[in-house]
């Protein structure tokens, strides 16, 4: 932000400007650098926002986004204006944005009329009637519950409804795309899927930074940190054939899987979603977000693996021992391949043996062997033979003594 973090009228008065600079030096939090300077509607609004003045309005103006009424990914997302009782936050009253705009417009007209000729009449009664007439949005919201008429709101709220209209005007200044194109100056009642995703991921944060409450679908908090995870599921044939030897550089056969939280997709399902190019989609009854940047990362990893002609046993063991990649971004951890592996039964058994979770089968000395092996020697030789079958090497420090003894 190039200009000062307060309205232009704060720069016009030199004494006021000096006082503001002193306040900023004493209270750095007054410098709201993330918000544009022309955001504030008036002096009172700005003072309330920084906490200098108490907001005596009996309600808070809140924005609510709901999922499509029929659960379809292609349906519109209802957008509602809700007034929340400051004394009891459980009390929520939905109102129509057009009704609030009409009430504010009528109030301004009434003010102008009072300043003009005395026979201009009082528009107060028509204003209320007009507001109530538009209080039940039909429009594109389909299935949306009717908003409450403004006249049905608590009596103590009536004189303060102009504040709610100002709040909506500020929302439109912060997020211009929330304004209804057919009715300039009013808030939209429905968002497209892409717009809903934009409000969920960015717009709601900007409104909250400006001090407003935004009610989002309950599942959003659970899935907003989800990142699609790429998995390579090793085919069951690997490691189960008659051959007893396979080395670290042997290429593994696998199928791609994509994990979204506890939902797993096949490669075909994943590519079908890419073709649909949707950011919010309902899969098996659950909403998930498909961030284009994250999907691009998955595609790049798949191409990277394809370029190196697959995964070697070395890659598979490394990725398996690293475990799940969930949450790694928060700690800044980067693995060589941004993916996970799911072992088949045979490789899982081998890894358990390597980790000493299981003991390798003991190998009895052949009949041609002359001598007697102690139990720890039988275990050591069995371990070396097991590693040999896996294409791995190891050193047994006591082998020299054993070799000298059996020479």
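Some values worked out for this structure:
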read-out: Potential lengthening between residue 218 and residue 205 on full extension [0.36 nm per residue; Cα-Cα distance subtracted]; value: 3.1 nm
read-out: Highest-first arrangement of 221-230, 78-87, where packing means the average Cβ count within 10 Å; value: 78-87, 221-230
read-out: Relative exposure of 208, 339, judged by other C-beta atoms within 10 Å (fewest first); value: 208, 339
read-out: Ranking of 96, 167, 194 by count of other Cβ atoms within 10 Å, fewest first; value: 194, 167, 96
read-out: Burial order of peptide ranges 296-307, 258-269 (average beta-carbon count within 10 Å, highest first); value: 258-269, 296-307
read-out: Neighbour-count order for 89, 233, fewest beta carbons within 10 angstrom listed first; value: 89, 233
read-out: Relative contact order of region 155-223, pairs being alpha-carbon contacts under 8 Å that are 6 or more residues apart, as %; value: 19 percent
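Where a number appears in this text, it was derived from the coordinates with a stated rule and is not lab data. Bear in mind the structure is a predicted one, so any value in this text is a computation, not a measurement. Neighbour counts run over all protein chains shown; Cβ positions are idealised from the backbone, glycine included.
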